[in-house]
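Read the structure below first, then the notes.
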Amino acid sequence: MTFLLLACKRLFRSLPLLLTLLLLVLTVTASLYSDRAIAPPTAGYVALGGGEETDAMLKRLSEYGFSRYETEDTLREAIGKGEIDCGAIFPADLETRITTADLENSVLFLCSPTASLPVLFRLEIVTELLSSASPYFSLPILEVLAPNADLREEIVERYQYELQNGSGFVFDVETISGNPPKETGFGISLAATALSVFLFLMPLLQSCRLFQSQYLALERRIGKKNALVTVFLPEALVSLLTTLLMLCLILPIGANLSGQTEIMGWLLPAFISAILLAALGLVLPILFRRADAVQMLIVPILLLTLVLCPLFINISLLFPTADALRLLLPTYWLFAAKEAPLLLGIIALGALPLSTCLLILAKSGK
Amino acid sequence: MKFRTLSGMLYRDGKLFLASFWRALLLCVLFALLCGALLYTTLASVREDTETPIAVALVDEDGSFVSQIALTFIRNQKDVASVATVKITDYDEALIGIKNGDFSGAVILPENYLNAIMVGDFVHGKVLFSDGTLVDASLIRRVARTGERLIRMGQYGVFAGASAVSSNPETREIYDLYLLKINDALMYEASTANNRYITEEITAYSSSALPLAEHMVLLMLLSLASLSTLFFYRSATADLTPALTSRLRASGVGATAFLLPKILYSFLFRTLLCGSILLVLSHFFAFTLSPLTILLFLAALLLSSAFDTLLALCLAGNRFGIALLSFFFLLQMFFAGGILPLHYLILPLRAIGRYLPLGLTLSLASPLFGAKALPLSLVWLTLWLISLCFLATRRLKNICKEGGKEI
């Protein structure tokens, strides 16, 4: 008990606490991304000219949620900042082109490389252009079929009247109750991945303690086994308990801030994977003989996690062998614990004493 | 600073550098593969995100042969396929699909709808949305509204012309021919307008001066160059023990002679690394190779080498030295969009990334891909370097004090 209390005292001065705080910030930030995912994409436009038909068309676009920008530069800036996904630049002679039904290459459409469904915005712009120019398509036909008759005004008037009062095709809209698609959202996957990587960092950095000069001096003084039992293992236990305690705080805060409850379902898997990774942390010093070699694992583990875990794309669909590599990554164990908490829970509870015994045996040279 | 001292340090650091060279090269290849894989998955995910269509059920209550032809034509349109994955079902199947989360919505076309559209009768279609997928619902609403407006545009366009032609005694005789031609003309315009009316331009990637692929490639290349500091960490910090530093000081090695060779070797390694990767990349990308762009790229490499080496020296002796250095590099990558694509980050986070050394280096190196470099990047990077120089010199002084000598 005394050793545990001493380990607690040392913990307050050491890095794991700072890391746990970092974990808090990252998890909260990550869960905030899931809110961004539900914002529908938007678009804007710039009109370099005006006119009766053009203004009516722009008014309709504004009603549909397109934002008006005064200059091309401000539109480009808004796309660059990610405020809008796409933008249209209407030329100065748009009015003439509508009234002569000559709309070939009449719009410059600026599209961010990350825009979601830009085709939809294009379709909306094209529909409104067609809607404005529709009566004027009759004029070139009538010029050929009846060159002496001037029906221009009559056709445009009738068209405008129908547009205002007509009873054409209409879709009735009805909202019914339905489930969201069966897939883990990007925000939650991201939060879970960040969580698992940081759960891995705690024991990883804890294991570096074994290579510290003060610790090595202590080993020489009281023996390897005694140093392990009285200093290292109590510290590892306190570090694990702190992690578990912080998880109980971080996950509810993250879930609350992002306005969702799904992330709470990760509490038990996070507990299980924290225990599994603590066990791994005890095995690491047996495999690596230098602190810098252990610390060097941070970058490749994070990069591999981003590549192999289905955060961006499911790479195992392209390379099935990647599945085997995934077993080496902390994120795999978090997702596995979510799928089968009972089995992984039992494995975790068995792995912790087993790895402790292995470390003691390795350190006592047997 | 004496030339002899400097050449002596160059020789000594050269030996240390060569001792770590092959190990560093091997690690560099491994990290390059990882960075390449990350680049691939990020670009693929962005493409998948922008092209993932919404699942929609289409219920054809008309069921006529003409309706089936019309719907097959609409489904096979490239533009429609990129917005929605349409599956033709019956009404009950559509309802069950929405409830189970298989469909985000359903479009129901009523009996005899085609005939009603053709003769201008009032007809109602129906769109069902799922409240479980609100974003998709708003998108389906927009698609439905666009379809509705297209049909009405056609109906009113034909009707306005037809009624004007039939009411005028001079044109009454051409009524049938006019009707045929205007239907043809409007159908042609509606089906081809999207490609003919619009010229599309893909803008630069968010908060960057470069297109998406070029931004990611350059970012990964510079990140890899930064990470190479980790591979030379042991050789760069080998001299930083109180005893050794004091002995070097006693033999006339000042701070400049101590730091300069380390920065120089780091710069040499980065130049070789980036040069060979750029040579491979030249098969896929068009580079703007002018004396100025090459000079700016080399300046970016030199300044980042100096920054990273000085940072490694500041952290030397810390028990978590490599871990802290790794955190810093990963943090820089995160804010510059190397870990998560930049467009997922909120604007203030992106702004932080632009002022961190990696973001500044990226800006300086971007003329290589034809973008403009911000002159302020050079100023900011120099400011970072000056402050770190100050810290590194202080650290050297402290180590010398521990060994009994002032530097």
Chains B and A: accessible area buried, summed over both chains, 1.4 Å probe, nearest 100 Å², reads 10300 Å²
Listed by chain and number, the residues whose amide H is under 5 Å from that of B:Ile88, excluding neighbours fewer than 5 places away on the same chain and using placed H, are B:Leu58
For A:Tyr161 and B:Ser166, extending 7 Å from Cα along the Cα-Cβ vector and measuring point to point gives, in nm, a value of 1.4 nm
A chain fully extended from A:Ala92 to A:Thr175 at 0.36 nm per residue, minus the present Cα-Cα distance, gains in nm 25.8 nm
With every protein chain kept in place and a 1.4 Å probe, the residues B:Glu402, A:Glu339, B:Glu189 fall, from largest accessible area down, as A:Glu339, B:Glu402, B:Glu189
So B:Leu383 and B:His124, fully extended at 0.36 nm per residue minus their Cα-Cα distance, gain in nm 86.5 nm
The answer for A:Thr175, listing residues at least 5 apart or on another chain whose modeled amide H is closer than 5 Å to its amide H, is B:Phe129
Within the stretch A:198-230, the residues whose backbone N lies under 13 Å from a label point placed 7 Å from the Cα of A:Ala362 along the Cα-to-Cβ direction are A:204, A:207-211
In this structure, the FRET efficiency calculated for B:Leu244 and A:Cys248 from their beta-carbon separation, with R0 = 51 Å, to the nearest 0.05, is 0.60
Taking a label point 7 Å from the Cα of B:Lys397 along Cα-to-Cβ, the residues of the stretch B:235-260 whose backbone nitrogen sits under 20 Å from it are B:240-260
For A:201-208, A:245-252, ranked highest to lowest by mean beta-carbon neighbours within 10 Å, the order is A:201-208, A:245-252
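Shielding by partners for B:312-323, please: the mean number of other protein chain Cβ atoms within 10 Å of each residue's Cβ.
Per residue, the number of nearby Cβ atoms from other chains is 4 on average.
Within 10 Å of each Cβ in B:345-352, how many Cβ atoms from other chains are there, averaged over the peptide?
2
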Using a 1.4 Å probe on heavy atoms of the protein chains only, the accessible area for A:Asp292 in Å², nearest 10, reads 30 Å²
Relative contact order in percent for the stretch B:259-407 (Cα pairs under 8 Å, 6+ apart) equals 27 percent
For the protein assembly as shown, percent of DSSP beta bridges that are antiparallel (nearest 5) comes out at 20 percent
Heavy-atom accessible area with a 1.4 angstrom probe orders B:Arg149, A:Arg68, B:Arg12, most exposed first, as A:Arg68, B:Arg12, B:Arg149
Under a 1.4 Å probe, counting only protein heavy atoms, A:Trp333 has an accessible area in Å², nearest 10, of 80 Å²
Between the modelled labels at A:Leu287 and B:Ile69 (7 Å from Cα along Cα→Cβ) the distance in nm is 6.6 nm
With every protein chain in place, the accessible area of B:Lys2 for a 1.4 Å probe, in Å² rounded to the nearest 10, comes to 150 Å²
Summed over the other residues with a beta carbon less than 14 angstrom from that of B:Leu95, with K and R at +1 and D and E at -1, the charge totals -4
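How big is the C-alpha Rg of the stretch A:307-366 next to the rule-of-thumb value 2.2 N^0.38 Å, as a ratio?
1.49
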With A:Leu139 itself left out, Lys, Arg at +1 and Asp, Glu at -1 over residues whose Cβ is under 13 Å from its Cβ give -3
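What percentage of the solvent-accessible surface of the protein assembly as shown, computed with a 1.4 Å probe over protein heavy atoms, is contributed by carbon and sulfur atoms?
65 percent
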Of the listed pairs B:Lys2/B:Lys397; A:Lys338/B:Lys87; B:Lys15/B:Lys401; B:Lys15/B:Lys397, those with alpha carbons more than 31 Å apart are A:Lys338/B:Lys87
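May I ask for the net charge around B:Ser228, where only other residues with Cβ less than 14 Å from the Cβ of B:Ser228 are counted and Lys, Arg are +1 while Asp, Glu are -1?
Charge balance near B:Ser228 sits at +3.
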Site B:Phe285, offset 7 angstrom along Cα→Cβ, radius 20 Å on amide nitrogen, limited to the stretch B:338-368, gives B:338-344, B:353-368
With bins of 10 Å, the percent of all Cα-Cα pairs of the protein assembly as shown per bin from 0 is 2, 11, 18, 20, 17, 12, 9, 6, 3, 2, 0, 0
Once the in-chain neighbours fewer than 8 apart are removed, the aspartates and glutamates whose Cα is under 18 Å from A:Lys225 read A:Glu235
Dividing the mean separation of Cα pairs under 8 Å (6+ apart) by the residue count of chain B yields a relative contact order in percent of 18 percent
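The values are calculated or read from the model by the stated rules, or taken from the named source; none is laboratory data. Keep in mind that what you see is a predicted model, and the values were worked out from it rather than measured. Positions of Cβ are backbone-derived with ideal geometry, glycine not excepted, and every protein chain shown enters the neighbour counts. To get the accessible areas, we keep the full protein, side chains included, count just its heavy atoms, and leave off ligands, DNA and RNA. Shrake-Rupley method; radii C 1.70, N 1.55, O 1.52, S 1.80 Å.
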